[in-house]
1. From the list A72, A37, A82, A86, exactly one residue is among the aliphatic types (A, V, I, L, M), within 18 Å of the chain's Cα centre (by Cα) and surrounded by 11 or more Cβ atoms within 10 Å (Cβ to Cβ). Which is it?
2. So which pairs qualify, if the first residue must be in segment 50-77 and without any contact (Cβ under 8 Å) to a residue 40 or more places away in the chain and more than 23 Å from A12 (Cβ to Cβ), the second must be surrounded by fewer than 17 Cβ atoms within 10 Å (Cβ to Cβ) and of a type in the set (G, A, S), the Cβ gap must be under 9 Å, and the two must be at least 6 apart or on different chains?
3. Identify all residues within segment 55-83 that are of a type in the set (A, V, I, L, M) and farther than 19 Å from L18 by Cα; write none if there are none.
4. Looking at (1) touching an Asp or Glu at 6+ places or on another chain (Cβ under 9 Å); (2) of a type outside the set (D, E, K, R); (3) at pLDDT 75 or above, which one does P30 not meet, given that it meets all the others?
5. Given (1) surrounded by 10 or more Cβ atoms within 10 Å (Cβ to Cβ); (2) farther than 28 Å from K7 by Cβ, identify the lone condition not met by G28.
Amino acid sequence: MKLQWLKWWHIALGIALLFALLSPLASGSPDGLEKVAEDKGFIDKATEPPFQIIADYLFPGIHNEALATILAGIIGTVAIFAIVYAVAWLLRRRQAVKNQ
């Protein structure tokens, strides 16, 4: 049985969603930039971002931190995928109209 419907982006989306599911297993240590800022003593000069959709990867209203992190990761992954897919579809459609 051929999997003709399976495209490379199906696999990429699946891998990204798998990483979102595994995100609670990630290290709780600061990331590289944050670690350097702490070591060099300029962490206190950091400013908050102008807006936060899902602050600190925690989904509001969910009290289980691991589940909240997973939901935030899945929602973010699907949202970005949808935006990129829509832009690609529009560009392909525009190119098809141009070639007619």
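The values are calculated or read from the model by the stated rules, or taken from the named source; none is laboratory data. Worth saying up front: this structure is predicted, and the values here are computed from it rather than measured. Glycine gets a Cβ as well: all are built from the backbone with ideal geometry, and neighbour counts include every protein chain shown.
1. On the way: A37 fails: within 18 Å of the chain's Cα centre (by Cα); A82 fails: surrounded by 11 or more Cβ atoms within 10 Å (Cβ to Cβ); A86 fails: surrounded by 11 or more Cβ atoms within 10 Å (Cβ to Cβ).
On inspection, the qualifying residue turns out to be A72.
2. What qualifies is A68/G61.
3. To start, the set of residues in segment 55-83 that are of a type in the set (A, V, I, L, M) comprises 55, 58, 62, 66-68, 70-72, 74-75, 78-80, 82-83.
Those that are of a type in the set (A, V, I, L, M) and farther than 19 Å from L18 by Cα: A55, I62, I83.
4. (3)
5. It fails just one condition, (1).
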